[in-house]
Each structure stands twice: as structure tokens, then as C-alpha cells.
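Report on one structure; see the data block that follows.
The values are calculated or read from the model by the stated rules, or taken from the named source; none is laboratory data. Because the structure is predicted, anything quoted here is derived from the model rather than measured. Cβ coordinates were reconstructed from backbone atoms using ideal geometry, including for glycine residues, and neighbour counts include every protein chain displayed. With ligands, DNA and RNA removed, areas are computed over all heavy atoms of the protein, side chains included. Shrake-Rupley method; radii C 1.70, N 1.55, O 1.52, S 1.80 Å.
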Amino acid sequence: MKVRRTPLSNELSELPCDMSEMTEGNPVNDQTPLLATKLFIPAPRARRVVRDRLLERLEAGKHRPLTLVAAPAGSGKTTLVSEWLAAHPQPAAWLSLDQGENDPASFWRHLLAAVRRVRPDFGQDVLDLFQSPQPPPLDAVPGLLVNELAGMDEQLTLVLDDYHVITVDSVHAGLAPLLESAPPGLRVVILTRSDPPLPLAHMRAGDELTEIRTSDLRFQVSEAAAFLRDCMGLNLQDEQVQALVAHTEGWIAGLQLAALAVQGDERPQEFVDRFTGSHRFVLDYLTDEVLRRQPPDRLRFMLETSVLD
């Protein structure tokens, strides 16, 4: 399969790298083509429930260097942040992470590319250094970026989506000083299924952290009613909506899966009464989005302990 070269991928390929030879502390030297779609801000859904209370919290935290949106799969993290960026236009760089960014060279290369979509001249000195006969080690990259970010005239929001896929300590160790020394113009928004090993306690104590958690993202009954009726086109009674919210604990993915299932059911009340986490749609989702993404040792532990009460 041929990979079409775009202006962005041509520019990024100037950052030399051989991933197979990269070790922690070595210079960045990657020639792997960058997937440009990882840098696109997801478009807000056409049919959605506007969650003003959460949008206001995101906007209120714009003067703090870090915003953490941490919740399980299907909680609406990406949807919420993309809707906030659409509602409050601002210079924003977006990076959707995957397992490939566990390579520190790839992580910094993609992060730099995301920022350059908004600030085309950003990081040119860093790129030049990487192309020099003796490029800097990877642990020097955060300091170089902080110095350049400090020179920005206006605020920049950097969104790191799916940060839970990052498991390499050297990536966390590199991002930590970027957060702790963040200049006034930088705001980092991390979307993750679990808390990352970053200086969260220190930033929380210093009022430098905005947090949105699972309990915040759960749909309230009024929000669930708007979603099920206006977005999914279901004619459900208040009691039926309340029952689905109770069954799913306000989990948006669960509500959507329930709505898709009840659309083909001629007896919605009976369906609502028997809808649980063992429904086929829910099991399929959890298998694809949760179980298959676990490391082998954790999955083996889950299987071996699943027979216990």
C-alpha cells in the first residue's frame, strides 16, 4: 500500500529517526510517516446534548496549566472537549495518542507536529537542532519546548487524547517538567481512562489543576431524557428514563447502547426492566473497548479471578 505524501508529512519527515535503534536519552531520529488524522480535532456530533455545566467548568479552568478529564471508556471525554473547543474558539492543538507514542521520540515528534498545525513556525529551532550532526538527547526536548512556549504572545491549548495508552516512564518523565514549568500561555488538557503518573497532587495543591471525573460525566436524568428523546428519537416515559439512568449509572455509552436496542423492541417497558450490563450490545462494547485493550498479564488475572464471588 502506498502512503500519499502530504505537505505535513513531508515537513515532519525532516525530523530524522530510526525507531528500532531509539533508546531512552538518544536523539530523535525517526523517519516514520506521521498520520495526519491524529492531529485533527474531532467534529462535534450533529445530535448531542449540550452539557453547559461541564463546558463552564472547562472554560473556568483556562488559566490553570493542566486540565484532567479522567473516566472509563464511553464516558464522553472526547465529545465533551471537542464540543468545548467548538463553543469557545481558541488556538488549540490536538493529538490522539496510540501505542506508537510509547516511543519517546515518536511522542515528541507528534506533539511538535500538533502544535505546528496551529503555530507553523513553532519548534523550528528544535527541528534544526535535531538535524545537526550532534542532535540533543530526548531529555533535553521538554526544556527546549518550554523556552519557546514562553515566548508565545497568546494562549495555546494542547489536548492529549487517550493518554492512558502511554505506559513508558520516560514519556511521563518528559511531560512532567513541561507541566510544572508551563508558561502562562500554555494549557494542557489530558483525556485518559486512568490517572497518569504525573505531579497531579502537587498541581492540585497549587490550584494548577482542573479535574473532571466519572461522577461529573455521568448523565443526570434531565440530560438522559434529552439524549434519549431528542437525539435517539425514543418516546420514553419519565419512569423509563429514570430506570435506564439507574441501570447504566448515567454512563453515556450504556445509554446509547440501550437506546439502539430498545428501538427494535415492541415492548419498551419490559426491555427497560431487564436491561443490564449482560446485554449483548454492552458485552460487545466492553469486550472491544476494555478487555481486548488490557495487557496479557492483567487479562490473565481477570480471567483467573472471574470465578470468584
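A few remarks follow.
- With DNA, RNA and ligands ignored, accessible area of VAL307 (1.4 Å probe; Å², nearest 10): 120 Å²
- Three-way shape call for region 114-171 based on the alpha-carbon gyration tensor, with the a/c threshold at 1.5: oblate
- The alpha-carbon atoms of region 123-263 define a convex hull whose volume equals 172 cubic angstrom per residue.
- In terms of packing, defined here as the mean over residues of other Cβ atoms within 10 angstrom, the peptides 58-64, 185-191 line up highest first as 185-191, 58-64.
- For region 86-241, the carbon plus sulfur part of the accessible surface works out to 48%, probe radius 1.4 Å.
- Translational diffusion of region 42-115, estimated by Stokes-Einstein from the Kirkwood radius over alpha carbon pairs at 25 °C in a medium of 0.890 mPa s, is 175 µm² per second.
- Accessible surface of ASP125 - all protein chains present, 1.4 Å probe, nearest 10 Å²: 110 Å²
- Region 155-271: relative contact order as a whole-number percent, Cα under 8 Å and 6+ apart: 21 percent
- Loop-resident GluC sites (Glu not before Pro) (DSSP state other than H, G, I, E or B) in region 80-173 with no more than 11 further Cβ atoms inside 10 Å of their Cβ: GLU154.
- As a calculated quantity, the FRET efficiency between ALA150 and HIS172 at R0 = 25 Å, using C-beta atoms, amounts to about 0.70.
- Computed over region 36-182, the Cα gyration tensor eigenvalues convert (square root of 5λ each) into semi-axes of 28, 17, 14 Å, ordered from largest to smallest.
- Here the extension length gained between LEU291 and ARG47 equals 85.0 nm, from 0.36 nm per residue of separation less the Cα-Cα distance.
- Karplus (6.51, -1.76, 1.60) ³J(HN,Hα), θ = phi - 60°, over region 226-235, in Hz, Gly and Pro reported as x: 5, 5, 5, 8, 7, 8, 9, x, 9, 9
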